[in-house]
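Just so you know, all these numbers are worked out from the coordinates, no wet-lab data involved. These numbers come from a predicted model, not from an experiment. No Cβ is skipped: glycine too gets one built from the backbone with ideal geometry, and neighbour counts run over all protein chains shown.
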Amino acid sequence: MTRMNNRSLESTQRRLLLAASIPGVVMLLTIMIREAYSGYLVALVALLFTALIGYCALTISRRLNYQLDTLTNLVEAMANDDFSMRGKRFGKDDALNHLIDIINGLSESMNQQRLEVRQQQYLLSKVINNIDVGIIAFDAKEQLSFINNTAARLLDIDLAESQGWSSKRLTLNELSIESILSCPQNGVIEWQFPTRSGKFQIRQERYFENGQPQFLLFITDVSQLLRGEEYKAWQNLLRVVSHEINNTLTPIASLSQVLRQLLPVEPEFRDVDDGLKIIEERAGNLKTFVESYRKLTTLPNADKQILDVAEIIKKLLPLFEHRQIELVSSKPAVLPIDPVLMEQLLINVLKNADEAMPEDLGAIAISWQFRNQYLIIEITDEGPGISNPDNLFVPFYTTKPHGTGIGLTLCRQIAEAHDGYFVLENRTDGKGGRVRITLPGRER
């Protein structure tokens, strides 16, 4: 279309130039003929004027077409979102050169605006994908149109394998979160997602895109925040109670021991000795209980170092030589962790898995993989599974004869000290339990 327009314009230019030049040439030739000039001279003058007119027409046409082609290319480039091209001025200041200057300025302005928009989009994308709030967008057909990293981890969607959220047109029903929409707005609910459960705040927002209604779903995990407030309350209570209890238990235990030593060995004092022994033992147990409670609420801050979790796991295997342990993964898993706390976490998990099975039956499987900017460690056993999941993380609740009831709570605290998550659940692919430890980090 552009070339056809250029040819039409060239034809018009030639016709106008000929229309302006021919009358003068005809008059000159007429005068020369009337004045009886030589026929050869008249022919020569006619030939020269024809050549001059043709040259002028060609020069003007090329110059004008060059400027028009330049303007056309600039506008087409801008229409195709290419703002890198600039027009070159030609000759003196005129209307076309002034138009080229305006288009150059417009292209520069639009290029700057596009750069600013891209920078804002990049910043917004970084914020959305790193914020600890799950964000999911659905279109009018309730199909997934956007999901950030936090929501993808909650719903166990691998963005890397699916080549981004745009290729997974999942619906609310397929994501198994349709019933969330009926929850109270801004309310806190107990919910079981594929990767973890807990208390979540659900918010919904509606908007329009191209005239079609869309809606956003915001999912905020408030479990850790609530537990943080509980820990603070425990610590404040413990400061008061532990001091008073220890000040009372120490003299009780000491006096009981002294009285037992002063008692005669006669049989009639045996009941008194047994009573004093019980008092001494109960005082010691209560003191141990308070000390365990204090340790639970005073977990040290994580001193993170860049280490390979896979090597830490392999280093712990000799502690459980009697148990068959399969390492499903073999790749390095390098990320910032506290080696002391991480060893404690892994030992607790492996010890629980080992004690959940008979000595001569059952195996433990350990796997790890990077997914959505997190390292996911899974440890499974072949024991009876979890019989009372509601009390898993209740401090000092235990089903073991000699258990303390703080192991799982400590494991969760260690994972959260690394900005991660700790989940314990029954296996869906067989009998036994599964521990999932999620830690922030990227594959190196």
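For every other residue with a beta carbon closer than 15 angstrom to the beta carbon of Asn111, add +1 if it is Lys or Arg and -1 if Asp or Glu, then tell me the sum.
On the way: positive: Arg86, Arg114, Arg118; negative: Asp81, Asp82, Glu108, Glu116.
Counting the neighbours of Asn111, the net charge comes to -1.
Taking neighbour counts of Cβ atoms within 10 Å as a proxy for exposure, in what order, fewest first, do Val265, Val334 appear?
Working: Val265 7, Val334 17.
Fewest-to-most Cβ neighbours within 10 Å comes out as Val265, Val334.
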(request) Figure the gain on full extension for Asn130 and Ser254 (residue separation times 0.36 nm, minus the Cα-Cα span) and round it to one decimal in nm. (result) 39.0 nm
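Quick one: which of Lys199/Lys351; Lys315/Lys351; Lys314/Lys351 span more than 20 angstrom between C-alpha atoms? Walk me through the intermediate numbers first.
On the way: Lys199/Lys351 28 Å; Lys315/Lys351 15 Å; Lys314/Lys351 15 Å.
Pairs exceeding the cut-off: Lys199/Lys351.
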(request) Express the relative contact order of the range 305-440 as a whole percentage, based on alpha carbon pairs under 8 Å and six or more residues apart in sequence. (result) 23 percent
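First select every other residue whose beta carbon is under 14 angstrom from the beta carbon of Gly441; then total the charges, Lys and Arg +1, Asp and Glu -1. If you can, show how the numbers build up before the last one.
On the way: positive: Arg153, Lys304, Lys331, Arg371, Arg442, Arg444; negative: Asp308, Asp338, Asp419, Glu443.
Value of the local net charge: +2.
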(message) Could you sort the peptides 342-350, 309-317 by per-residue average Cβ neighbour count (10 Å cutoff), highest mean leading?
(response) 342-350, 309-317
(message) What aspartates and glutamates does Lys287 reach when the alpha-carbon gap must be under 18 Å and sequence neighbours fewer than 8 apart in one chain are set aside?
(response) Glu244
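Where the only charges are on Cβ atoms (+1 Lys, Arg; -1 Asp, Glu), what is the dipole of the range 305-440 about its Cα centre, to the nearest 20 debye?
Numbers: 12 positive and 18 negative charges, 36 e Å.
Computed about the Cα centre, the dipole is about 180 debye.
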